[in-house]
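Enquirer: One structure is given below, represented as structure tokens, and several questions about it will come after.
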Amino acid sequence: MIFFIAFVALLLFSTGFAVWKGGPPERIAAGLYWGAWLVTLVANPQAIDRWRNVEIGYLLIDTGLLLALAVLALRANRIWPMAAASLQLIIVAGHAAKALDPALLGSAYAIMSVFWPFLQLLLLVTGTWAYWRRTRIQGAVSSWSRSSLH
């Protein structure tokens, strides 16, 4: 329960900060994280069966988030989305590891699926702060890479 409360607090802070001080990539990421979290709440399996088998609903949500973050990373004029997409790839790899080895301990599977989103939200805070700071020093900066505009 403490992890849930900590995650929700970090989600509220990081996405609120991104919407308040971030540029379009930070705001899009905030929306992606909220969307994924809300859909995850709906897809929440029964607690008794949790982490014993591959969580198909979570796998689909995490894969969708991976694709969205990868597109954001390719189009945004930022470094942090690439790290966030990489962490999301680790989460999807955790699902694959459980699928390949059903004997994988449920606790190991849970850690591989639950730990990395905390770091992703911290990346969002760091990226938002860097953007906000850069715009205060340099003025307006492009949010999108030039190659993505074609």
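The values are calculated or read from the model by the stated rules, or taken from the named source; none is laboratory data. If you're wondering where the values come from, they're calculated on a predicted model, not measured in any experiment. As a convention, Cβ positions derive from the backbone with ideal geometry for all residues, glycine included, and neighbour counts pool all protein chains shown. These area figures cover heavy atoms from the full protein model, side chains too; ligands, DNA and RNA do not enter into them. Shrake-Rupley method; radii C 1.70, N 1.55, O 1.52, S 1.80 Å.
Enquirer: Quick query: amide H of Trp144 versus all other amide H atoms, modeled in the peptide plane; which residues come in under 5 Å with a sequence gap of 5 or more or a different chain?
Expert: Distant-sequence amide H within range of Trp144: Asn77.
Enquirer: With the full set of protein chains in place, find how many percent of the accessible area of the chain is carbon and sulfur; take the probe as 1.4 Å.
Expert: Carbon and sulfur together cover 72 percent of it.
Enquirer: Go through (1) 16.4, 54; (2) 14.6, 42; (3) 15.3, 52 and flag the label whose value is the computed Rg and Dmax of the Cα atoms in Å for this structure.
Expert: (1)
Enquirer: A further question follows. How big is the accessible area of Glu55 in square angstrom, nearest 10, if you roll a 1.4 angstrom probe over the protein chains?
Expert: 20 Å²
Enquirer: Follow-up question, since we're still on this one. Add -39500 (n - 2.57) for each DSSP H run of 4 or more in the chain, then divide by its residues: what number comes out at 222 nm, to the nearest 500 deg cm²/dmol?
Expert: For the chain, the value works out to -25500 deg cm²/dmol.
Enquirer: Using a cut-off of 11 Å between beta-carbons, work out the net charge of the residues near His95 (Lys and Arg +1, Asp and Glu -1, His95 not included).
Expert: -1
Enquirer: Sum up the charges of everything whose Cβ sits under 11 Å from the Cβ of Leu123, counting Lys and Arg as +1 and Asp and Glu as -1, but leave Leu123 out.
Expert: Once positives and negatives cancel, what remains is 0.
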